[in-house]
Amino acid sequence: MLIFSLLFISQGAHAATWSSSASACVPSDGSVGKYDFEDATLKFSANSTGEILVRCHITNPFDDTDSAPIWNTLTVGYQDPDAHEQAYQVEAKLIRVNKGTGVVSVITPRFDSNASTAPNTVSPVSGFVKFTHNYNFTTYAYYITLDLHRSDSLKNPAVWFVKLSVTD
């Protein structure tokens with residue numbers, strides 16, 4: 001019974017969830033003057049158009065660097081005012097950077113609101129993508145980019161959270 005309990009605790013620990021509100025992420029230099037944070041939500045300011053990019057630092061939920069999470073789902077809370085059309089878009093990418101070389105690589109697939117299967121992307125919703133990746137926090141640092149696109153100022157795409165978790 002003790003062995004079963006330890007195995008269950010270990011598996012549960014590796015299923016820990018990481019999440020962040022969009023307002024806790026760091027805007028890129030190119031986004032200065034284009035964005036507003038309203039509570040947890042990131043959106044375009046006034047008549048700004050183009051692209052807003054923020055980076056959300058991911059920490060290993062385990063203090064032991066030999067342990068790593070087994071996350072396989074990237075979930076995003078967002079609003080895309082034109083659903084699958086091209087005037088507005090919300091993207092999220094899981095990225096790793098090699099600590100020794102600085103080489104950056106995107107873990108695929110990325111989340112794209114224009115390709116999302118969420119039932120109603122015109123209203124606030126959450127969508128997700130599933131992926132496989134063997135995390136290695138000893139060799140790599142990880143972050144997520146949240147990227148908003150707006151070609152006109154008639155409507156405003158928004159994102160308020162991003163999450164990494166384990167799903168079946």
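A short reminder: the numbers here are calculations on the coordinates, not readings from a lab. The shown structure was predicted, so the numbers you read here are calculated from the model rather than taken from an experiment. So basically every Cβ, Gly included, is an ideal-geometry build from the backbone, and we count neighbours across all protein chains shown.
Points to keep in mind about this one:
- Any chance G102 is within 18 Å of C56 (Cα to Cα) and in contact with a helix residue (DSSP H, G or I) (Cβ under 8 Å, 6 or more places away or on another chain): no
- Among residues of the range 128-143, those that are within 18 Å of S116 (Cα to Cα) and in contact (Cβ under 8 Å) with a residue 60 or more places away in the chain, counted: 0
- Where K163 falls short, out of the listed (1) free of Cβ contacts under 8 Å to residues at least 12 places away in the same chain; (2) closer than 17 Å to A40 by Cβ; (3) among the charged types (D, E, K, R): (1)
- Among the numbered conditions (1) closer than 18 Å to S31 by Cβ; (2) exposed (fewer than 14 other Cβ atoms within 10 Å of the Cβ); (3) among the basic types (K, R), the only one that K93 does not meet is (2).
- Qualifying residue in the range 129-147 (condition: touching a helix residue (DSSP H, G or I) at 6+ places or on another chain (Cβ under 7 Å) and within 22 Å of P27 (Cα to Cα)): yes
- Qualifying position, being among the hydroxyl-bearing types (S, T, Y), buried (at least 17 other Cβ atoms within 10 Å of the Cβ) and out of contact with any His (no Cβ under 6 Å at 6 or more places or on another chain), among T59, T49, T75: T75
- Note on the range 74-90: residues that are over 21 Å from P27 (Cβ atoms), in contact with a helix residue (DSSP H, G or I) (Cβ under 9 Å, 6 or more places away or on another chain) and not acidic (D, E) amount to 3.
- Restricting the range 31-65 to residues that are assigned to a loop (DSSP other than H, G, I, E, B) and without any contact (Cβ under 8 Å) to a residue 12 or more places away in the chain, the residue that is nearest to the chain's Cα centre (by Cα): V32
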